[in-house]
1. Under 9 Å between Cβ atoms, at least 6 apart or on separate chains: pull out the pairs that start in the range 213-238 with a residue that is at positive phi and end on any residue that is of a type in the set (Gly, Ala, Ser) and part of a loop (DSSP other than H, G, I, E, B).
2. Give the residues of the range 63-85 that are among the hydrophobic types (A, V, I, L, M, F, W, C) and part of a strand (DSSP E or B), sorted by residue number.
3. Please determine whether any residue of the range 88-97 is out of contact with any Ser or Thr (no Cβ under 8 Å at 6 or more places or on another chain), at pLDDT below 95 and part of a strand (DSSP E or B).
4. Taking the range 228-247 on its own, how many of its residues are surrounded by fewer than 16 Cβ atoms within 10 Å (Cβ to Cβ) and either of a type outside the set (D, E, K, R) or touching a strand residue (DSSP E or B) at 6+ places or on another chain (Cβ under 9 Å) (or both)?
5. Hey, could you check the range 167-189 for residues that are part of a strand (DSSP E or B) and among the aliphatic types (A, V, I, L, M) and say which is farthest from PHE131 (Cα to Cα)?
6. If I filter the range 139-160 for residues that are in a strand (DSSP E or B), in contact with a Leu (Cβ under 8 Å, 6 or more places away or on another chain), at pLDDT 95 or above and over 29 Å from ASP241 (Cα atoms), do I get at least one hit?
7. Inside the range 175-223, can you point out the residues that are more than 19 Å from PRO141 (Cα to Cα) and of a type in the set (S, T, N, Q)?
8. Does at least one position in the range 18-30 carry a residue that is hydroxyl-bearing (Ser, Thr, Tyr), assigned to a helix (DSSP H, G or I) and modelled with pLDDT of 85 or more?
Amino acid sequence: MKTIQNLSITVLVILLGFTQGFAQMNGQEIMEAVYNNPSGENIQGQLEMRLINKQGDTRVRELQQFIKDEGEVEKTIMFFLSPADVRNTSFMNWSYNDGRDDDQWIYLPALKRVKRISSDSKSDNFMGSDFTYDDLGDRHPSDDTHKLLGEEVFNGYDCYIVESIPKDKDYMYSKTVTWVIKENFIGIKRDFYDEDGDLLKILQIKKFEKISGYWVILNTQMHNVQKDHRTEMIFSEVKLDQPIPSNKFTERSMTLGR
C-alpha cells in the first residue's frame, strides 16, 4: 500500500509541476502589465534629444518634461529650451486609461498658436526625430491583438516576446514585436514593421533605474533602420512625486513656455 501511495503522490507532484509550467501569462496579460506599470503620480526632469544621421553627425536639443497622472488621464508636456531654432516650442499629450485616442497639441512660436494634432497627422515625425507623434503617446493594450511568441534572454534579461497586431487595419504599423523583462514588465525592446511588413524601426531602452520605488526609463533610442537615422532621448535630474499644478498642462502654459 505504501508503494502505491508513494507512486500516487509522485504522479500528483509531476502533474502539478506540469500545470504550473503551463500557467504562464498570455500576450494580452503581459502587455497590460507593461501598460499598468506603476510610475508615480508626478515626474519631471530634463530631457536631451540627440538626432544622429548615418554619417554620425549629431544635433542636440534640450527640453524640460513634466508628467502628471490624474487617474483617468496621464498628462505630459515638453518645453524646448534650445537650440534657438526650436526654443519655446512645446508639446502636450493626454493619454486616457479607458482606451480613447490620445489628445495631442503642439505650440510653434513662429505661428504663435497652439495646433491640435489630428488623427491623420499622428504618423508624422515629431520635430525631425525618429519618433512619430503616435509613438509619444501611450498606446492602450485594447488597440491591438497580442500573441506570446516565446521567451529569450536579451541584454542579460529574461524576456517575453510579444507580437502586437493593430485592430485598425489603417494603422501606420502592420505590427510590433516587444521584448518584455519578466521581472519588472519593462518593454526593453520593440520592433516596428511598416505597412508592407518590413522592419522599419527598432526602439531600445538603454538605461533604467528604480527611483523612489518606481522604475524610470532614463535612456531610449529609436533607430530607423530604413533611413539609418537615430534619435536618442536622455532623461536626467529626475524628480518624482513632487507637486505639479494642473494648470501646467494647458494650452496657455504651452504658449508661456513653462
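The values are calculated or read from the model by the stated rules, or taken from the named source; none is laboratory data. None of the values given here were measured: they were computed from a predicted structure. Cβ placement follows ideal geometry from the backbone for every residue including glycine, while neighbour counts extend to all protein chains displayed.
1. GLY213/GLY40
2. Of all residues in the range 63-85, those among the hydrophobic types (A, V, I, L, M, F, W, C) come to 63, 66-67, 73, 77-81, 84.
Once the filter is applied, which keeps residues that are among the hydrophobic types (A, V, I, L, M, F, W, C) and part of a strand (DSSP E or B), the range 63-85 yields LEU63, PHE66, ILE67, VAL73, ILE77, MET78, PHE79, PHE80, LEU81.
3. yes
4. Within the range 228-247, the first condition is being surrounded by fewer than 16 Cβ atoms within 10 Å (Cβ to Cβ), and the residues that meet it are 228, 236-237, 239, 241-243, 245-247.
Still in the list and also either of a type outside the set (D, E, K, R) or touching a strand residue (DSSP E or B) at 6+ places or on another chain (Cβ under 9 Å) (or both): 236-237, 239, 241-243, 245-247.
Count: 9.
5. Here is the first cut: in the range 167-189, the ones part of a strand (DSSP E or B) are 175-181, 187-189.
Of the ones still in play, those that are also among the aliphatic types (A, V, I, L, M) are 177, 180-181, 188.
Values: VAL177: 17, VAL180: 20, ILE181: 22, ILE188: 16 Å.
Checking each candidate, the answer is ILE181.
6. We begin by selecting, within the range 139-160, every residue in a strand (DSSP E or B); these are 144-154, 157-160.
Now drop any that are not in contact with a Leu (Cβ under 8 Å, 6 or more places away or on another chain), which leaves 160.
Of the ones still in play, those that are also at pLDDT 95 or above are 160.
Okay, now just the ones that are also over 29 Å from ASP241 (Cα atoms), so 160.
Yes, the range 139-160 contains a residue that is in a strand (DSSP E or B), in contact with a Leu (Cβ under 8 Å, 6 or more places away or on another chain), at pLDDT 95 or above and over 29 Å from ASP241 (Cα atoms).
7. Of the range 175-223, the ones more than 19 Å from PRO141 (Cα to Cα) are 183, 194-202, 204-223.
Passing the criteria: GLN204, SER212, ASN219, THR220, GLN221.
8. Going through the range 18-30, the residues hydroxyl-bearing (Ser, Thr, Tyr) turn out to be 19.
Filter once more, so that each one left must be assigned to a helix (DSSP H, G or I): 19.
Of the ones still in play, those that are also modelled with pLDDT of 85 or more are none.
No; the residues of the range 18-30 include none that is hydroxyl-bearing (Ser, Thr, Tyr), assigned to a helix (DSSP H, G or I) and modelled with pLDDT of 85 or more.
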